[in-house]
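Read through the structure below, which is laid out as structure tokens, and then see the notes.
The values are calculated or read from the model by the stated rules, or taken from the named source; none is laboratory data. Note that the coordinates shown come from a computational prediction; the quantities given were computed from them, not determined experimentally. All Cβ positions, even for glycine, are placed from backbone atoms using ideal geometry, and neighbour counts span all protein chains on display. Please note that ligands, DNA and RNA were not included when accessible areas were found on the heavy atoms of the full protein model with its side chains. Shrake-Rupley method; radii C 1.70, N 1.55, O 1.52, S 1.80 Å.
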Amino acid sequence: MSRVNPLQRRGTGVPKNRAAIFGVVWEVRLLARWAEFAATLDAVARTSSKREKVQLLARYLRQLPEEALAVACTYLTGRVLPAGEADKLQMGWSTIVGVLQELSGATDREVSGLYLRWGDLGDVAAELVARRRTVPLFRQPLTLEGAHGWLRRAAAVRGKGASSARAAALRALLEQAQPMEAKYLVRVLTGDLRIGLKEGLLQEAVAEAFGVSPAAVRRADLLQSDLGQVACLARRGQLHTASLRYFHPFRFMLAGTLMEPGEPFAGAGEVLAEDKYDGVRVQVHREGDRLALYSRTLDEITDSFPELREALEGLSPAYIVDGEIVAWRGQGPAPFHRLQQRLRRLDPWAVAGEIPVVLFVFDLLKLGEDDLLDLPLAERRSRLERLRFSGPVRLATARRVRDPEALRECFRAARDRGHEGLVVKRLEAPYRPGRRGGLWLKWKEPFATLDVVVVGAEYGHGKRAGVLSDYTFAVWDGDRLRVVGKAYSGLEDLEIVQLTEFFLQHTVRDLGRFKVVEPKVVLEVAFDAVTRSDRHDSGYALRFPRILRVRADKAPQEASTLAEVEALYRRQRQV
């Protein structure tokens with residue numbers, strides 16, 4: 001019996017007897033071929049003109065059949081599956097490199113060298129696929145629909161066979177791919193297309209492809225967070241039907257940074273000062289018997305917090321709210337690292353008693369069939385306060401204030417309650433998914449700063465692929481250095497270039513992308529907390545470290561100690 005390749009459907013390109021002999025079924029669907037998708041992306045990458053990028057994409061999207069249109073637009077947003085999908089592909093660097101090495105025979109050193117040359121795994125894939133040791137006798141053209149079928153089935157596999165299924169799916173695709181196709185397939189899988197395509201340009205391309213308003217596309221995309229479906233609505237002339245949908249998570253509204261306490265009052269007589277919590281931001285959808293919690297990445301995490309279900313079901317029969325889950329101890333918050341232990345546990349009830357949580361709700365976005373995004377915050381807050389809060393689900397602490405001194409008082413009170421600080425919100429502000437700006441401003445202070453010694457430097461990614469921009473750092477434990485973290489943000493480009501030259505001259509062990517370096521450079525780093533960690537030999541890690549400056553005035557021997565780190569850890573509210 002002939003074997004049907006699930007990438008393809010039955011077509012007319014090869015006589016049936018020949019297809020049966022070689023076990024191959026062909027499909028010719030020119031408009032949805034992966035080759036055209038890759039060629040379009042490559043053309044978009046080669047032009048610096050935003051207008052030309054939009055026109056190239058619009059021309060391509062316009063000709064696609066609907067199924068392929070939805071897939072192509074999803075890929076163009078940097079995702080393999082739309083937001084909120086229960087299945088996750090989770091095909092990382094090691095899987096991709098392993099399959100490429102299997103097909104090409106490349107060694108670890110060769111892969112490392114190629115990555116240092118290109119700074120992009122897609123370009124590495126193109127080169128290694130061109131070196132494949134075996135070439136299919138009858139190459140089957142890849143299609144968007146067919147490739148997506150492979151990837152979706154691989155994402156659905158659970159348990160022990162999941163990693164093998166993902167590798168098998170990628171191998172099947174790369175065996176048929178031409179180098180250019182492989183380049184963009186890998187870039188899709190890594191979520192980094194590198195074609196200079198901002199979100200707004202993609203939305204403009206959809207608008208131009210189907211003759212609709214860019215503003216209408218933007219609004220529909222904000223509401224649905226699924227540009228593939230938005231493109232299909234645009235083609236059908238149905239953008240006006242886009243709305244918040246239960247169990248289709250959308251992007252969270254973000255806060256800018258407060259520079260000084262008087263800033264929020266420019267043009268506003270009164271603002272809302274709301275406690276800023278140190279936890280996991282969640283979007284809760286409830287309708288009928290179904291309840292779902294989604295994280296910042298729009299992944300479902302409902303099963304990690306089963307003890308919240310009863311209280312959330314009591315809020316209202318149908319709603320969408322925005323809030324933050326915080327690890328809790330007695331009357332106050334516990335360190336964030338305790339909350340991390342709750343995520344992705346196979347049996348969350350086993351630790352629910354040991355690590356209880358509280359969900360603080362601070363915004364109401366949909367109630368019943370009513371979308372509330374465009375209402376002012378004052379009205380949304382008023383409706384939110386009328387919901388039935390109970391148990392571990394609580395209304396976020398907030399207070400209206402009229403002047404900077406009152407805001408400072410709120411900030412001190414929030415810190416005394418054990419929280420990070422404040423989010424200051426304009427009362428007239430609508431809820432703008434995915435937007436950051438002056439309507440919400442966060443005010444927090446770093447927990448502490450330390451002077452640390454760089455002991456390792458790693459090449460970065462993208463524009464920083466040719467410089468050592470990621471630094472592993474340590475503190476003193478007697479006469480030994482113990483690692484407490486890694487940072488890559490905070491320095492200017494010139495400083496990174498200068499440090500790269502220095503570290504290359506002071507490398508004591510070359511591990512390819514990672515260099516073990518002499519402990520000569522001291523950095524001052526700020527961070528939000530100290531957590532316990534099995535990854536570092538110190539037993540601790542700094543949470544959200546960022547580099548404040550290079551301490552050229554300090555000798556390595558003057559850097560901070562492990563005893564200081566332990567003292568900071570003890571200062572935190574612990575369970």
### Message
Let me spell it out: the conditions are (1) in a loop (DSSP other than H, G, I, E, B); (2) open to solvent by 30 Å² or more (accessible area, probe 1.4 Å); (3) modelled with pLDDT of 95 or more, and residue 418 meets all of them except one. Which number is the exception?
### Response
(3)
### Query
Can you spot a residue in segment 74-97 that is within 23 Å of residue 45 (Cβ to Cβ), assigned to a helix (DSSP H, G or I) and small (Gly, Ala, Ser)?
no
### Query
Which residue out of 354, 324, 405, 385 is loosely packed, with under 14 Cβ neighbours inside 10 Å, within 21 Å of residue 277 (Cβ to Cβ), out of contact with any Leu (no Cβ under 6 Å at 6 or more places or on another chain) and at pLDDT 95 or above?
385
### Summary
When every residue in segment 358-401 that is in a strand (DSSP E or B) and without any contact (Cβ under 8 Å) to a residue 60 or more places away in the chain is compared, the one farthest from residue 420 (Cα to Cα) is 370
### Query
Is it fair to say residue 205 is in a helix (DSSP H, G or I) and farther than 21 Å from residue 52 by Cβ?
no
### Summary
By residue number, the members of segment 261-272 that are outside any strand (DSSP E or B) and in contact (Cβ under 8 Å) with a residue 40 or more places away in the chain are 261, 262, 263, 264, 265, 268, 269, 270
### Message
Which condition from (1) within 26 Å of the chain's Cα centre (by Cα); (2) open to solvent by 50 Å² or more (accessible area, probe 1.4 Å) is the one that residue 82 breaks?
### Response
(2)
### Task
Give segment 35-58 a look and list any residue that's in a helix (DSSP H, G or I) and over 21 Å from residue 235 (Cβ atoms), or say none.
35, 38, 39, 42, 43, 45, 46, 50, 51, 52
### Query
What number goes with the only condition from (1) in a strand (DSSP E or B); (2) open to solvent by 50 Å² or more (accessible area, probe 1.4 Å); (3) of a type in the set (A, V, I, L, M) that residue 484 does not pass?
(2)
### Task
Out of 523, 491, report the one residue that is assigned to a strand (DSSP E or B), open to solvent by less than 40 Å² (accessible area, probe 1.4 Å) and either closer than 30 Å to residue 415 by Cα or not small (Gly, Ala, Ser) (or both).
523
### Task
Among what's in segment 450-464 and is in a strand (DSSP E or B) and of a type in the set (D, E, K, R), pick the residue that is nearest to residue 507 (Cα to Cα).
458
### Summary
Requiring at least 2 residues that are touching a helix residue (DSSP H, G or I) at 6+ places or on another chain (Cβ under 9 Å), the helices (runs of 4 or more DSSP H) wholly within segment 273-354 are 349-352
### Subset of segment 133-156 (residues that are open to solvent by 50 Å² or more (accessible area, probe 1.4 Å) and without any contact (Cβ under 8 Å) to a residue 60 or more places away in the chain)
133, 134, 135, 139
### Query
Based on what the data block shows, is residue 438 open to solvent by 10 Å² or more (accessible area, probe 1.4 Å), assigned to a loop (DSSP other than H, G, I, E, B), touching a Phe, Trp or Tyr at 6+ places or on another chain (Cβ under 8 Å) and touching a residue at least 60 places away in the same chain (Cβ under 8 Å)?
no
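Could you list all residues from segment 211-253 that are in a helix (DSSP H, G or I), among the hydrophobic types (A, V, I, L, M, F, W, C), crowded, with 20+ Cβ neighbours inside 10 Å and in contact (Cβ under 8 Å) with a residue 24 or more places away in the chain?
Our first condition is that a residue be in a helix (DSSP H, G or I); within segment 211-253, this holds for 214-224, 227-236, 239-241.
Among the residues that remain, those that are also among the hydrophobic types (A, V, I, L, M, F, W, C) are: 215-217, 220, 222-223, 227, 230-234, 239.
Subset that is crowded, with 20+ Cβ neighbours inside 10 Å: 217, 220, 222, 227, 230-231, 233-234, 239.
Matches in segment 211-253: 222, 227, 230, 231, 234, 239.
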### Subset of segment 528-564 that is assigned to a strand (DSSP E or B) and hydroxyl-bearing (Ser, Thr, Tyr) - its residue that is surrounded by the fewest Cβ atoms within 10 Å (Cβ to Cβ)
561
